[in-house]
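Everything on this sheet refers to the single structure shown next.
Just so it is clear, none of the values below were taken in a lab; they were calculated from the coordinates. Everything numeric here is computed off the predicted structure, so don't read it as measured data. Reconstructed Cβ throughout: ideal geometry from the backbone, glycine too, with neighbour counts over all protein chains shown.
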C-alpha cells in the first residue's frame, strides 16, 4: 500500500510546488522583475525561476514548507551546487545574458503568509557563470 500513497503524496507535493512557483513568479513581477524562464531543466539540474531586473539575473529556488525555517533549511548545499551547474548551462545557451550580474535567490512560500524573497540567498564556489 505504500506505493499508491507515495505516488499520491508525490503528486500532491508536485502540485503544491508548481503553485508556489506561480505565486513566486507573480510576486517577483510585482517587485519589478521580468520572468525569463520557469522550470528550466538541464541534464545537470533544474532552476525553478530565472528572473531579470535591470542588470541582475536571478536564479530562484522556490520552496514551499509549513514554516519559513523548514523552507530555508530545504535548500541544501548539494542542491545549491546543482542549481549553480544548471545556471552555467543556461548562460551557455543564452550568451546575450552572460554579461549580467548573476545571483542565487530563494523564495520561501509558507501558508497564510506573503512569499519571502531572499536576494543573494547563497553564493557557491561551484558557480562558474
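Yes/no per residue for (1) assigned to a helix (DSSP H, G or I); (2) surrounded by 15 or more Cβ atoms within 10 Å (Cβ to Cβ); (3) at positive phi:
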position	(1), (2), (3)
7	yes, no, no
11	yes, no, no
16	yes, no, no
28	yes, yes, no
32	no, no, yes
50	no, yes, no
62	no, yes, no
71	yes, yes, no
90	yes, yes, no
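Test residue 58 against the criterion of being out of contact with any helix residue (DSSP H, G or I) (no Cβ under 9 Å at 6 or more places or on another chain), at negative phi and crowded, with 19+ Cβ neighbours inside 10 Å, and give yes or no.
no
For the stretch 95-120, which residues satisfy the criterion of being touching a strand residue (DSSP E or B) at 6+ places or on another chain (Cβ under 8 Å) and farther than 15 Å from residue 28 by Cα?
Within the stretch 95-120, 97, 100, 101, 102, 110 qualify.
Part of a loop (DSSP other than H, G, I, E, B) and within 14 Å of the chain's Cα centre (by Cα): does that describe residue 118?
Spelling it out, it is not the case that residue 118 is part of a loop (DSSP other than H, G, I, E, B) and within 14 Å of the chain's Cα centre (by Cα).
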